[in-house]
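The values are calculated or read from the model by the stated rules, or taken from the named source; none is laboratory data. Because the structure is predicted, anything quoted here is derived from the model rather than measured. Cβ: placed from backbone, ideal geometry, glycine included. Neighbour counts: every protein chain shown.
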Amino acid sequence: MNKEIVRTLIDTVGIVPCARVIDPDFARFAAETLYAAEVPILEIPLTLPEAPQVIGELALRFPDLAVGAGTVLNEDSARRSID
């Protein structure tokens, strides 16, 4: 998903929900719930150690869900989030 699409989604929806959770299954549940409610945006902070894997999984499962990383504090974290 390119940045123009993500910007449009944020403008349209008006919020960026954040799943600050301690369990990857809670992040998956948040994504499923938001997707079912037609809120196609989710941030998963990197405070969840499995966040990069969960983000990748959700991006494949819900291709029209803008799912991204939050609490990106350094270059290494950014790279892990992109991969």
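Observations on the model:
- Within segment 57-82, the set of residues being out of contact with any Ser or Thr (no Cβ under 9 Å at 6 or more places or on another chain), more than 12 Å from A27 (Cα to Cα) and not charged (D, E, K, R) comprises A59, L60, F62, P63, L65, A66, L73, N74, A78, S81, I82.
- Within segment 44-83, being acidic (D, E) and over 17 Å from V16 (Cα atoms) holds for E50, E57, E75, D76, D83.
- If the condition is being surrounded by 15 or more Cβ atoms within 10 Å (Cβ to Cβ) and under 20 Å from L73 (Cα atoms), then segment 28-51 contributes L42, E43, I44, P45, L46, L48, A51.
- Residues satisfying the criterion are present in segment 45-55 (criterion: under 20 Å from M1 (Cβ atoms), among the β-branched types (V, I, T) and without any contact (Cβ under 8 Å) to a residue 40 or more places away in the chain).
- Taking (1) at pLDDT 95 or above; (2) under 11 Å from the mean Cα position of the chain (by Cα) in turn, G68 satisfies each apart from (1).
- Residue satisfying condition, being aliphatic (A, V, I, L, M) and either touching a Pro at 6+ places or on another chain (Cβ under 6 Å) or surrounded by 19 or more Cβ atoms within 10 Å (Cβ to Cβ) (or both), within set V72, V54: V54
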